[in-house]
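Chemist: Let me begin by handing over the structure; questions about it come next.
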Amino acid sequence: MPKILIIDDEKAIRNTLKDILTYEKFEVDEAADGAEGIKKAETGNFDLVLCDIKMPKMDGIEVLTKLQELNADLPVVMISGHGTIETAVEAIRKGAYDFISKPPDLNRLLVTVRNALDRNSLVQETKTLKRKVFKTRDMIGNSPSISIIKEMIDRVAPTEARVLITGSNGTGKELVARWIHEKSNRVTGPLVEVNCAAIPSELIESELFGHEKGAFTSAIKQRIGKFELATGGTLFLDEIGDMSLSAQAKVLRALQENKITRVGGEKEITVSPRVIAATNKDIKKEIEKGNFREDLYHRLSVIVIHVPSLNERKDDIPVLAEHFVKEICEDYGMPLKTFTAEAFKELQKINWTGNIRELRNVTERLVILCDKKITDKDVKQFAGQEK
């Protein structure tokens, strides 16, 4: 149910607007002046504000400016009993969604409210979709280890060198792979991802190299493999340490000869993806155990980039948390929340076994459960719930 805030110093107007909007199934809150309205906007998650222009203490234009500082996407409809074209133009120029004269026409009011709410929903949906479509996030952090990784990406990306990315789960190995692709000469080509740990060993070869119709029971039609799909672009083999030995042998051949054969087929197909691999395992130990081919390791590890754990870069936690708060508040259409200095210190005391992924989850929980200022007490109360 959309939540609307009415800011007006005239109680009769507030009551009238509230009655109309409540009847239309909106949730309504009210404030008697601008200062009270700003305070409620800071703590409440409103979808729309109706604001009078002529008020004591703080006029509506000043309230509008403050509201935009809190949340630039929050639609504000200005209302005035002294409506002139000049006043309306100024309000719109300052960022108001629309301007309505008092006494408000019922139909005009409801149409404006619904249009403003629809626009707000579209803005939030667009931001969310853009984040999903354009998945490459910024690499956040100023620690020496992150600076080294950024420098390595800049050096390695324009080349055709294969890269092996190592690090624990949740450290951001996929992000490093994406930035290598984004800064490479293959950026106009596809970035094709394969999670080797998520695909059963009996299906991994079909996933990588494709299969011909009838190659096995469920092969009801021909399938193009990831090596072919990534030709001209980048193939990202995530969790390659979990790949079966038989698939490793075929991957090695594909890297050596730039040729593959589909499962159930005989024809050799030329492929030319740039291969980036990632693993959370110690590959050298896996080689000693006989679980990973040493010759494949050397093919993949022309360049090795190690992504440190969050515990190894705790100085980056404040800037990461601030980034996540902004992102999450935008996704939820909430006023921006902030951490106190003590809250940052409390976050830095935590043992982050889940790394960046865990920090983002904790930040999202704090945004949902806490007030505008997230304190050290909040962190102590809510940060360790999954431990």
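Only the coordinates and a few stated rules stand behind these numbers; no lab work does. Computed from a predicted model, the values in this text were never measured in an experiment. Quick reminder, even Gly has a Cβ in these numbers, built from the backbone with ideal geometry, and neighbours come from all protein chains shown.
Chemist: Please report the antiparallel percentage of the DSSP beta bridges confined to the chain, to the nearest 5.
Modeler: Taking every DSSP beta bridge with both residues in the chain, the antiparallel ones total about 10 percent.
Chemist: So which of Lys337/Lys377; Lys66/Lys345; Lys326/Lys373 end up more than 20 Å apart by C-alpha?
Modeler: Pairs exceeding 20 Å: Lys66/Lys345.
Chemist: Sum -39500 (n - 2.57) across every DSSP H segment of at least 4 residues in the chain, then divide by the residue count to get the 222 nm mean residue ellipticity, nearest 500.
Modeler: Mean residue ellipticity, 222 nm, calculated: -14000 deg cm²/dmol.
Chemist: Oh, and also: For Kirkwood radius over Cα pairs in Å, the choices are (i) 21.1; (ii) 21.7; (iii) 24.8; which was calculated from the structure?
Modeler: Matching entry in (i) 21.1; (ii) 21.7; (iii) 24.8: (iii).
Chemist: Can you give me the long-range amide H partners of Leu191? Hydrogens built in the peptide plane at 1.01 Å from N, cutoff under 5 Å, separation of 5 or more residues or another chain.
Modeler: Residues meeting the criterion, in which the H sits 1.01 Å from N, are Thr234.
Chemist: Another question about this same structure. Taking amide H atoms as placed 1.01 Å from N in the peptide plane, list the residues 5 or more away in sequence, or in a different chain, whose amide H sits under 5 Å from that of Lys259.
Modeler: Here the answer is Val271, since their amide H atoms fall under 5 Å of that of Lys259.
Chemist: Based on the mean of other beta carbon atoms within 10 Å per residue, what is the order of 137-145, 34-42, most packed first?
Modeler: Ranking the peptides 137-145, 34-42 by packing returns 34-42, 137-145.
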